[in-house]
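The values are calculated or read from the model by the stated rules, or taken from the named source; none is laboratory data. The structure presented is a predicted model; accordingly, all values stated were derived computationally and were not measured. Cβ atoms come from the backbone with ideal geometry, glycine included; neighbour counts cover every protein chain shown.
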C-alpha cells in the first residue's frame, strides 16, 4: 500500500474554501499591475482528493493529495503572456509576475486579445448547489471498492477484477481581474469505478462501469456497478469481426455523446473564426430532424458542469444549442467574438495562465420516445456499439471513422459479440439521420441517450 499526502484534512468534513483563496489572488493581481501590466487576470485554485483501490479482496492503494496552484495572464497593449505556477510563496509569486511581464513585452501583438469589457461581466450571479461536506474516510471507500469487486466476481464467467476503486474530491477556485471581476466557485465529486475480466477457454475480454456525482447519495450502488461491469465483460466473450457493409447502427448511451462532442467542436467560435469547421456556413440551418433539441443548462443544481459565469466572467444562461433540429448559434469566447463581430455567449473556458478556450456547461440531447430495445428492434439487422477507440474526424469535411466493439443485431435482437470492426460516415449525414432513444441519464457534463443512425459504413470481415 502506498500513501501520498502533504497534510491530513483539518476535519472530516472540511474542504477547500474559495474565501480563503481570495486575499492571495487579489495580492497577485496588485503585484502584476504594479509591475507594469495594463490589465491582468489571476485564477487561483485549491484541490483535495482521496482515492482508494482494492485488489483480490484486500486494500491495494490509498492516495491523498492536496495542493494549490495559480495562473496569471498579463496584457501590455495588445500583447499578452501568461504563466501557471504552484509556488505561492512571496518569492514564487514575485518570480511568476516578473516572468509574465517580461514575456508580454516581447510577445507578438494580437488584435483580438484582452479582458472582457466591464459592462459585459456577470454582475448578479445565482447560487448553484455544487458542494457538499464529505467524510474523508478511507475505510468507507475501501468497503465500497470491496463490495464492487465481490459483485463483479460473483458474475458467472468473470475470471478476475482488473481494478476497483472509489474516490472523493473537492475543489475551490477564485478568479479576479483588473476589469473589476471577482468570481468564486466550490464543488465536490464522488466516484466509483471497476473493470472486470471475463474468460472462456483462451478468450479473455475486459469491460468496465463507473459513475461520478457531486453528491455521494446520488451514486449508483457498488453492487450495481460491480454486476454491470461483470456482465458487460462476459457479454464480450467470443467476439468476432462484424461483416462489412452499410447498415443501421445503434450507439449505446456510453458512447453516443461522441456526436455531441463533434457538434461542439464544429460550432466553437475559434474554429469558425479560423474557417476550419464543416459547419462554418450552417448557422441558423436545420442540422437534425424536426423535434430534436440539444439543451444547455449551466444553472442546474449539482450539475457536473454547472457555473454561473464562464471562464472570462460573462454570465451563463440556459439555451438550446439545437432547437427543433436547427442550429441556433456559435459558442464564443471574447477573442472569437471580437474576430467574428458577434456578441458574447458565455462559453469561455478558463485556462489558468493561458488564453481562454471554449466549453459548454451542462449539455444534453433531449430524449426521444423509443426505448433502447425499440431502437435495436428498429435496426433490424445491424450493429450495437458499446465501445469506441481510435476515432478520426476531419474538421473541414466532417468525415468520421472509429474502431468499435459491441453486439450484432439480427432480426431486431442482440446476438453475438463483435470487435476489431470500424464504423464510418459523415457527421452532417449522421446528424440529419440521428434518432434519440429515451434512456437519458445525467451522469456527466455532456449527456445523451442511446441513438440510432441508419446506413452507416461498417468494416470488419
Odd one out for residue 380 among (1) touching a strand residue (DSSP E or B) at 6+ places or on another chain (Cβ under 6 Å); (2) farther than 21 Å from residue 266 by Cα; (3) surrounded by fewer than 22 Cβ atoms within 10 Å (Cβ to Cβ): (1)
For the structure I just gave you, tell me whether residue 95 is under 25 Å from residue 27 (Cβ atoms), more than 22 Å from the chain's Cα centre (by Cα), assigned by TED's automatic domain parsing to the domain that holds residue 195 and without any contact (Cβ under 8 Å) to a residue 12 or more places away in the chain. yes
State which residue is farthest from residue 270 (Cα to Cα) when the search covers only region 383-394 and only residues that are surrounded by 17 or more Cβ atoms within 10 Å (Cβ to Cβ) and in contact with a helix residue (DSSP H, G or I) (Cβ under 8 Å, 6 or more places away or on another chain). 384
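Where in region 197-316 are the strands (runs of 3 or more DSSP E), entirely inside, with at least 3 residues that are surrounded by 21 or more Cβ atoms within 10 Å (Cβ to Cβ) and over 22 Å from the mean Cα position of the chain (by Cα)?
Numbers: elements: 203-213, 245-251, 294-296.
In region 197-316, the matching strands (runs of 3 or more DSSP E) lie at 245-251.
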Among (1) surrounded by 18 or more Cβ atoms within 10 Å (Cβ to Cβ); (2) in contact (Cβ under 8 Å) with a residue 40 or more places away in the chain; (3) farther than 30 Å from residue 194 by Cβ, there is one condition residue 51 misses while meeting the rest; what is its number? (3)
Examine region 375-389 for a residue that is without any contact (Cβ under 8 Å) to a residue 40 or more places away in the chain and either in a strand (DSSP E or B) or in the same structural domain as residue 82 (by TED's automatic domain parsing) (or both), and state whether such a residue exists. yes
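Can you give me the number of residues within region 25-66 that are on the phi > 0 side of the Ramachandran plot and assigned to a strand (DSSP E or B)?
From region 25-66, those on the phi > 0 side of the Ramachandran plot are 36, 56-57; that's our starting set.
Now narrow it down to the ones that are assigned to a strand (DSSP E or B): none.
Counting residues in region 25-66 that are on the phi > 0 side of the Ramachandran plot and assigned to a strand (DSSP E or B) gives 0.
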Just to check your reading of the model, which residue among 140, 124 is in a helix (DSSP H, G or I) and either under 23 Å from residue 215 (Cα atoms) or over 24 Å from the mean Cα position of the chain (by Cα) (or both)? 140
Here the residues within region 164-192 that are surrounded by fewer than 21 Cβ atoms within 10 Å (Cβ to Cβ) and over 22 Å from the mean Cα position of the chain (by Cα) are 178, 179, 180, 181, 182
Please work out which one of (1) surrounded by fewer than 16 Cβ atoms within 10 Å (Cβ to Cβ); (2) in a loop (DSSP other than H, G, I, E, B) is the condition residue 130 fails and give its number. (1)
Given the structure, is residue 80 without any contact (Cβ under 8 Å) to a residue 40 or more places away in the chain and not in a loop (DSSP other than H, G, I, E, B)? no
